[in-house]
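Please treat every number below as a calculation from the coordinates, not as lab data. Since this is a predicted model, take the numbers as computed values, not measurements.
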Amino acid sequence: MKNNEPIYVTKPFLPPFEEFTEGLKRIWDSKLLTNFGPIYNELLEGLKKYLGVENLSLIVNGHQALEIAISTLQLSGEVITTPFTFASTTHAIVRSGLEPVFCDIRMDNYNIDETKIEDLITEKTSAIIPVHVYGTPCNVEVIDAIAKRHHLKVIYDAAHAFGVKIGDQGIGTYGDISMFSFHATKVYNTIEGGGLAFSNAELAREIYLRQNFGIANAEEILLPGTNAKMNEFQALMGLLNLKYVEQEINNRKKKVELYRHYLSKIPGIKLLPNSEKIKQNYAYFPIVVTEEYGMTRDELAVKLQKHNIFPRKYFYPLITDFTCYRGRYRGDTPNARYIADRVLCLPIWGGISENMIYEICQVILGE
Ligand SMILES: Cc1ncc(COP(=O)(O)O)c(C=O)c1O
């Protein structure tokens, strides 16, 4: 059977059109289009509350936020990180003139293996940049303790982890800084956008300077900052989407439960473990296709495509195999390579129909 309508890996969440057009009147009335306007400030307060963080800055996108976090903490030398992530994590390190050192990942949740971090620390190491891959929290307590012991900074790439909590503690409260992405393809979006949550309130001014050309006041420029301000149109989208994000996450939860119902007992199809202690956001639905399945990940992807279903190989190729990075940096990461060669993210968004999930699973089940 072939679907008429292609099923892509996700669909962006949009608020009702009328709410956005109504909101635009605020911008036309204020004549403030950007530069930390009233909608920016309203969104900032709303997001602090939702994410359960005390300190937050909103940035034009997640990648710029990551670069600003690195600059704010004045990192130098080597940074221990994971190769199983989106290009942005490593690019931010390299573009900041630093050297990534790759640590292998855990086979149970594909996050950095905290037990392997200490072996990679040298006198040049200044920080650890782990990623909460697919929104699953890293072992934050152990990582934060390692950092403390060795006087290192920690920046969590929480691009996937919007709204995730460990118990009732917001994921953005760990480490020195956490970066959230509000890109259109994420659980929550401001079209493009990002946020930095941080523990030390004094960092707010440092981040502000870096996202606004280093301008302290009309006559004082303190540092060569960039321009990474979130504008009022982005903030408006964010303010409206914030009203619906809990509903979106609940809808995703139901769809993920349906996937689990169909796929949990297929030999050779490995799902992420479920944890009662974590408030999840159901951002992605990765499966790992192992030898037992009888078909490779790539063969399964082609089979799904023939049915008009377009999953994505997040994250393949592995960062260390990128043309620009191959053979350049330290780190032996066999687990990361194993997962990158076998992982497939299936379509997921709040509004995906139960019928679509049934069809996708039928193809995987070979029926
Ligand atoms: C792990 C990770 N880090 C960083 C980013 C960069 O975020 P943005 O797209 O908002 O720049 C993304 C996503 O796009 C991501 O998936």
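With the helix formula -39500 (n - 2.57) applied to DSSP H stretches of n ≥ 4, the chain reaches a computed 222 nm mean residue ellipticity of -11000 deg cm²/dmol.
Under a 5 Å amide H cut-off, with hydrogens placed 1.01 Å from N, Val101 pairs with Val79, Ile80, Thr81 among residues at least 5 apart or on other chains.
Sorted from greatest to least, the principal axis extents spanned by the alpha carbons of the chain come out as 69, 56, 38 Å. Roughly how many whole Å is it from the C-alpha centroid of the range 114-131 to that of the range 249-309? For the range 114-131 versus the range 249-309, the Cα centre distance is 31 Å.
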